[in-house]
Every structure is written in structure tokens, then in C-alpha cells.
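The values are calculated or read from the model by the stated rules, or taken from the named source; none is laboratory data. Because the structure is a prediction, the values reported are computed rather than measured. Cβ sites come from the backbone with ideal geometry, for glycine too, and all protein chains shown count toward neighbours. Remember, those area values only see protein heavy atoms, side chains included, never the ligands or the DNA or RNA. Shrake-Rupley method; radii C 1.70, N 1.55, O 1.52, S 1.80 Å.
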Amino acid sequence: SDRPKYNLSWEMEKVGISYRTNFFSSVKTIVFTDKEISLISKNKVLFLIGKDEIKNIRCGIEWISGIEFYIGRVYCIDISDGADKILQIKLRSIYGYNKIILGEKFTQIIRLLYAFYFDDIILKFFADVESGSDIEIGNITINNKGIIFDNRKPEGILEWGDLKIVEYSHYFALSSKMKPDFYKAFTYLTDWNAVLIHSISTKIKEKSESTN
């Protein structure tokens with residue numbers, strides 16, 4: 001599955017992970033602190049985004065096609081402020097070269113993103129929903145009644161008791177148990193905040209089931 005395991009509770013001040021985009025590129029280091037993310041190469045800061053600016057994430061594997069079959073993969077992570085700032089991290093493996101090492105770096109970077117930033121965002125969203133507020137994420141609305149796919153349609157709310165989360169390798173779907181054709185799918189690689197929607201929906205669904 002493209003959705004890595006990330007639930008960590010580390011207490012860290014600063015962590016850096018070095019990588020190459022491909023075999024010929026210069027070494028880059030992504031540095032995580034409790035205030036910002038920065039990308040550094042040859043002692044120069046190439047990119048910097050503050051913790052409070054971070055709004056969106058998407059991540060997954062993009063396959064590299066040859067003439068008759070796939071010849072490689074790119075582990076992709078994008079971080080955005082929701083406007084014009086986008087940090088793109090790409091770890092490219094051709095013909096299996098460094099595939100395992102790059103896969104481990106990919107998972108480690110995702111874990112650090114959650115430990116430093118997205119765990120807090122998820123907890124805030126969860127608290128907002130628990131207090132009766134609506135949250136908007138990934139073009140859907142989540143509240144304590146359920147998930148609204150489209151505010152323009154009266155049938156657009158999927159109640160928590162009717163929610164089924166269907167897992168696939170590269171995407172997942174939020175679906176109605178009673179009406180399976182009423183669903184919305186999210187792809188980890190291309191849909192902003194698909195991983196957050198999965199985490200928040202799972203957390204609220206589990207809480208709802210435990211109290212019923």
C-alpha cells in the first residue's frame with residue numbers, strides 16, 4: 001500500500017534526511033523542526049515553509065514506463081501551503097537500483113511529517129468535529145453527523161454509522177454500506193490530503209462505533 005504507517009510520538013527538536021533525486025543529482029537534505037521544513041543543498045536553502053503555513057500533503061508511487069513494461073518508480077511527496085508554495089520530494093529508482101533504500105527513506109520522511117506537523121493537524125480537526133464544528137478538507141465537509149461529498153445535493157451526506165472505508169493499494173474509498181454506489185474515491189498520489197482524510201475518517205468512525 002502507498003499509505004505508510006506513521007503513528008509516532010517522538011519528541012524531537014531537529015531531524016534531517018539526505019537524499020538524491022536520482023543517481024546523478026546533488027545531495028539534498030530535508031530538515032524538520034517544530035517551526036518549519038527546509039530543503040538544503042550545498043549549504044544553500046532551496047525551500048522553506050513554516051509549520052503554520054503547511055496545509056496540504058499528497059504522496060505515493062509514480063511508475064516509470066518503458067517500451068513494454070515498467071522500468072522504475074518515483075516515490076513522490078508534495079507539501080503545500082494551499083497557494084503557491086509547493087515542496088516536491090522525488091526519490092527515483094530505475095531498474096530496481098536503491099529501491100529498498102529509497103522506499104525506507106520515503107516512509108521515514110512521511111513519518112517525520114506526521115510526527116512534526118500532521119499529527120497536530122489531525123488532532124485539531126478531530127477536536128473541531130467533536131465540538132460540533134464543520135471542517136473542510138479535500139473538497140469534502142466532515143462534521144459529527146458524517147461526511148458531505150457535495151453540499152449542493154440533499155443526498156450528499158454519508159452518516160458515520162453507514163460509512164465503510166474500502167482500502168486499495170494506491171487509493172481508498174469512503175462508501176455507503178446501504179448504497180454502495182454512493183461513494184467518493186481518493187488517490188494518495190494525486191489527491192491533496194487523501195492521507196489526512198483517511199486518518200480523520202478512520203479516527204472518527206472508530207470513536208463513533210465505540211460509543212454506540
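In percent, how large is the relative contact order of the chain, given Cα pairs closer than 8 Å and 6 or more residues apart?
Details: 365 pairs, mean separation 36.8, N = 212.
In percent, rounded to a whole number, it is 17.
Using protein chains only and a probe of 1.4 angstrom, how many square angstrom of residue 65 are accessible, to the nearest 10?
Approximately 80 Å² for this residue.
Using the alpha-carbon atoms, what tilt in degrees (0 to 90, nearest 10) does helix 99-113 show relative to the longest principal axis of the chain?
The helix 99-113 is inclined about 60 degrees to the chain.
Kindly express, to the nearest 10 degrees and within the range 0 to 90, the angle between helix 119-130's C-alpha long axis and the longest C-alpha principal axis of the chain.
Helix 119-130 sits roughly 10 degrees off the main axis of the chain.
Under 9 Å from the Cβ of residue 173, count the other residues' Cβ atoms, weight Lys and Arg +1, Asp and Glu -1, and hand me the total.
On the way: positive: 164, 184; negative: 167.
The answer is +1.
Which of the aspartates and glutamates could a cross-linker bridge to residue 90, judged by Cα under 16 Å and excluding same-chain residues fewer than eight apart?
The qualifying aspartates and glutamates are 2, 62, 78, 104.
If you look for lysine pairs in the range 21-71 that are eight or more places apart or on different chains, how many of them have Cα atoms under 18 Å apart?
Working: 28/42; 28/44; 35/51; 35/55.
Taking the Cα cut-off of 18 Å, the pair count is 4.
Against the longest principal axis of the chain, how steep is helix 194-210, in degrees 0 to 90 to the nearest 10, with axes from Cα atoms?
Relative to the chain, helix 194-210 is tipped by roughly 40 degrees.
Probe of 1.4 angstrom, ligands and nucleic acids ignored: what's the accessible area per residue over the range 141-199, in square angstrom? Can you show the working numbers first?
Working: 3090 Å² over 59 residues.
Computed with neighbouring chains in place, this is 52 Å² per residue.
When the accessible area of the chain is computed with all protein chains present and a 1.4 Å probe, what percentage of it is carbon and sulfur?
Details: 6010 of 11970 Å².
After summing per-atom areas, the C and S share lands at 50 percent.
Any idea of residue 40's accessible area? Nearest 10 Å², probe 1.4 Å.
Answer for residue 40: close to 50 Å² accessible.
Of all chymotrypsin sites (Phe, Trp or Tyr not before Pro) in the range 9-102, which ones are in loop regions per DSSP and have a Cβ with at most 16 other Cβ atoms within 10 Å? List each step's numbers first, then the result.
Numbers: sites: 10, 19, 23, 24, 32, 47, 63, 69, 70, 75, 95, 97; in loops: 10, 23, 24, 69, 95, 97.
Those that pass, being in a loop and sparsely packed, are 10, 23, 24, 69, 95, 97.
Sort the range 169-212 into rounded, prolate or oblate with this rule: let a ≥ b ≥ c be the square roots of the eigenvalues of the Cα gyration tensor; rounded if a/c is under 1.5, and if a/c is not under 1.5, prolate when a/b is larger than b/c, oblate otherwise.
Numbers: a/c = 3.11, a/b = 1.34, b/c = 2.32.
Oblate shape, in that a/c is at least 1.5 and b/c is the bigger or equal ratio.
Is the range 100-155 best put as rounded, prolate or oblate by its Cα gyration tensor, with a ≥ b ≥ c the root eigenvalues, rounded for a/c under 1.5, and otherwise prolate when a/b is larger than b/c, oblate when not? Display every interim value, and only then the final one.
Numbers: a/c = 4.60, a/b = 2.03, b/c = 2.27.
Verdict is oblate for the range 100-155.
Report, in whole Å, the centroid distance computed from the Cα atoms of the range 56-98 and the range 121-174.
27
Compute the FRET efficiency between residue 42 and residue 124 as 1/(1 + (r/R0)^6), taking r as their Cβ-Cβ distance and R0 = 35 Å, and round to the nearest 0.05.
Details: r = 37 Å, r/R0 = 1.05.
Approximately 0.45, to the nearest 0.05.
At residue 145 and residue 170, where each label point lies 7 Å from the Cα along Cα→Cβ, what is the point-to-point distance in nanometres?
Output for this residue pair reads 3.6 nm.
Within the chain, what is the longest stretch that has no GluC sites (Glu not before Pro) placed in a DSSP loop and near at most 10 other beta-carbon atoms within 10 Å?
Longest run free of exposed loop sites: 69-154.
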